[in-house]
Amino acid sequence: MGTVQTPIGMRSSSLLDTSCGYLLRELQMIWDEVGEGKFEREKVLLDIEQECVEAYRRKVDQANISRSRLHQELAESEAELTHLLLCLGERSVPGRPEKKGGTLKEQLDSIAPALREMRLKKEERVKQFRAVQGKIQKISAEIAGRSAYDDSSTNITVDMNDLSLKKLEEYQIELSRLHDEKSARLQRVEIYICAIRDLSTTLGTDASMTVTKVHPSLNDLYGISKNISDVILEKLNTIVVSLEEEKRKRLEKLHQLGNALSNLWNLMDAPYEDREKFSNLMDLQALSPSEVWAPGSLTLGIIQQAEAEAKRLDQLKASKTKEIFLKKQNELENICNRSHMETPSTDMGNIMNLVDSGEIDHADLLSTMNEKIARAKEEASSRKGIIEKVEKWISACDEERWLEEYNQDENRYSVSRGAHRNLRRAERARITVSKIPGLVESLMVKTKGWEAERQKIFLYDEVPLNAMLEEYNKLRQEKEVEKQRHREMKKILPEVVKEPENFNVPRPTSSNRRILNRSLNGSFGSASHLNRKVSSGIQQYGSNIINSTALGTSIGKEGRRIQASQTPARFSLASHLRNESASVVSMFSGPLSP
């Protein structure tokens with residue numbers, strides 16, 4: 001057979017010139033030599049032709065199948081490329097011509113690079129989706145509390161029909177949201193753990209054990225990622241709330257114990273050393289639960305110690321209360337005595353019995369005494385100015401009495417030891433005595449102002465002070481009248497009456513006797529009686545002087561007799577006036593002050 005290749009179209013027309021024609025001629029030569037018949041020859045040629053046709057048909061069929069396969073491959077490639085473009089969200093492939101041309105193989109060759117590129121892009125996109133979805137599933141598992149999460153990529157299902165950047169961005173946004181949620185949950189867990197630690201430190205409990213009981217992953221010693229599920233967060237929140245409630249209860253308990261201890265300390269006047277032991281407890285009294293964070297400030301030991309101290313002080317309260325009550329009663333009496341006020345009456349025996357039996361509240365008892373002392377101090381403060389003036393008045397009256405006694409001394413001008421000092425004192429006493437009327441007047445005005453402001457009578461040792469001052473002025477006026485009569489009598493009997501002119505001025509005094517039958521309306525009936533009594537005495541004394549003057553007709557023996565009889569009478573009158581002035585305090589009545 002020949003090996004010359006000719007075009008397919010030429011082979012069919014020049015079959016005899018080809019290898020087939022050569023073989024056919026060689027076959028005819030063989031037939032001729034053999035002597036094969038025409039019929040046999042036609043039959044063989046027909047078979048040969050049939051076989052050739054079958055061979056061509058097979059080749060045509062194969063070519064057709066190959067063409068169909070190429071069409072299918074091209075269609076599939078086009079479809080795959082279109083699908084990849086759709087699922088990747090791409091509109092076209094860069095570098096690929098829009099117009100299609102050339103043979104099927106050329107078209108396949110032109111689409112193959114774009115297809116390979118899109119396939120690579122798909123694989124890369126799938127990896128991105130798997131990575132993002134894997135992180136999403138992992139964080140979701142952590143948020144859900146599934147610590148045994150399998151990080152294998154085989155468990156991740158990627159939607160191959162949507163691999164667009166938009167979908168990837170949605171997953172990334174979801175991942176970012178989950179990251180934020182995880183961070184927020186971790187932050188909440190840390191906040192809860194820090195709160196538990198702070199509260200446990202304040203309450204004196206073990207924070208590590210408390211956190212481990214919630215979940216072992218919350219303890220940093222285990223070295224595993226923290227469980228941040230809703231269940232864990234709820235448990236942590238419950239523990240924090242319970243610890244805060246326990247903190248509030250303990251602080252409230254310490255507040256009660258602090259108040260109780262403070263009351264007992266004040267009640268029993270406890271020394272500073274006893275109070276210093278509980279200074280930390282007292283510092284908590286003004287604080288709210290949100291302000292108490294000092295380590296160990298609310299432990300059970302502190303509460304038990306405070307309870308034991310309160311119990312101990314409560315057992316000593318009865319005996320100490322009586323002692324303090326007596327001390328306060330003495331303080332009240334001293335305040336009243338210094339201000340010349342009446343001390344409020346107290347049934348000491350009955351109060352002591354009530355304290356021993358426990359039928360009276362000790363704090364209320366001492367609080368009542370403190371109120372009485374406060375009122376007494378306030379009353380004493382308001383009376384201070386008047387009391388000071390009264391003391392000046394009494395001191396001036398003492399000087400006046402001394403001056404009268406000094407003036408009655410016939411040897412006051414003699415040269416003797418200390419005479420010059422008495423003379424200087426007499427000069428000062430005269431200045432002081434000259435101020436008595438103004439002092440009494442201002443004292444009366446000040447007292448009336450006090451009474452108008454307080455709506456009650458000012459009592460000095462249970463006696464109305466204004467009544468004492470009025471009586472003093474009245475007796476002083478009567479004394480002046482008597483001195484004037486004495487001067488006139490000296491003019492009539494200059495040689496008979498030579499006694500000293502000065503009378504003892506009544507010194508204001510006060511009686512400490514309790515007036516049982518006081519009049520609540522402050523009547524001065526007794527004062528009127530005293531005035532009548534003093535006036536009658538003065539009138540009787542004056543009539544005796546006048547009668548004695550009328551009967552005296554000589555300066556000799558009769559004058560000396562009158563002088564001897566009148567001198568003791570005059571001194572008896574001065575003594576009488578002094579005694580009457582001293583008894584003023586027992587002759588008036590009125591409401592107590594206080």
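The values are calculated or read from the model by the stated rules, or taken from the named source; none is laboratory data. On a predicted model such as this, the values are computed, not experimentally measured, just so you know. Every residue, glycine as well, gets a Cβ built from its backbone with ideal geometry; the counts of neighbours run over all protein chains shown. In case anyone asks, the SASA skips ligands and DNA or RNA and just uses the protein heavy atoms, side chains included. Shrake-Rupley method; radii C 1.70, N 1.55, O 1.52, S 1.80 Å.
The table below gives the values:
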item	result
Long-range neighbours under 6 Å by Cβ, at least six apart or interchain, first residue at positive phi within region 307-334, second charged (D, E, K, R) and part of a helix (DSSP H, G or I)	none
Filtered residues of region 161-205 (kept if in contact (Cβ under 8 Å) with a residue 12 or more places away in the chain, among the hydrophobic types (A, V, I, L, M, F, W, C) and open to solvent by 70 Å² or more (accessible area, probe 1.4 Å))	LEU165
Filter pass, ARG424 being over 60 Å from the mean Cα position of the chain (by Cα) and either part of a loop (DSSP other than H, G, I, E, B) or over 20 Å from SER395 (Cβ atoms) (or both)	no
Residue match in region 129-143 (condition: open to solvent by 40 Å² or more (accessible area, probe 1.4 Å) and either among the aliphatic types (A, V, I, L, M) or at pLDDT below 80 (or both))	yes
Close pairs (9 angstrom Cβ cut-off, 6 or more residues apart or separate chains): outside any helix (DSSP H, G or I) in region 407-419, open to solvent by 60 Å² or more (accessible area, probe 1.4 Å) anywhere	ASP409/ASN422; ARG412/ASN422; ARG412/LEU423; TYR413/LEU423
Every residue from region 235-276 that is touching a residue at least 24 places away in the same chain (Cβ under 8 Å) and charged (D, E, K, R)	GLU244, GLU246, LYS247, ARG248, ARG250, LYS253, ASP269
Residue among SER92, SER66 that is out of contact with any strand residue (DSSP E or B) (no Cβ under 7 Å at 6 or more places or on another chain), surrounded by 11 or more Cβ atoms within 10 Å (Cβ to Cβ) and hydroxyl-bearing (Ser, Thr, Tyr)	SER66
Some residue of region 104-120 being within 30 Å of LEU23 (Cβ to Cβ) and either open to solvent by less than 100 Å² (accessible area, probe 1.4 Å) or in a helix (DSSP H, G or I) (or both)	no
Meets criteria (part of a loop (DSSP other than H, G, I, E, B) and under 56 Å from the mean Cα position of the chain (by Cα)) for ARG185	no
Elements of type helices (runs of 4 or more DSSP H) in region 206-313, at least 1 residues being open to solvent by less than 70 Å² (accessible area, probe 1.4 Å) and acidic (Asp, Glu)	230-268, 272-276
Residues of region 390-427 classified as farther than 27 Å from MET341 by Cα and open to solvent by less than 40 Å² (accessible area, probe 1.4 Å), total	7
Unmet criterion (only one of (1) more than 17 Å from THR343 (Cα to Cα); (2) touching a residue at least 24 places away in the same chain (Cβ under 8 Å); (3) open to solvent by less than 20 Å² (accessible area, probe 1.4 Å); (4) in contact with a Phe, Trp or Tyr (Cβ under 7 Å, 6 or more places away or on another chain)) for TYR472	(4)
Residue pairs meeting the criteria (Cβ under 6 Å; at least 6 apart or on separate chains; first in contact (Cβ under 8 Å) with a residue 24 or more places away in the chain, in region 62-79; second of a type in the set (S, T, N, Q) and part of a helix (DSSP H, G or I))	LEU74/GLN107
Qualifying residue in region 381-397 (condition: over 60 Å from the mean Cα position of the chain (by Cα) and on the phi < 0 side of the Ramachandran plot)	yes
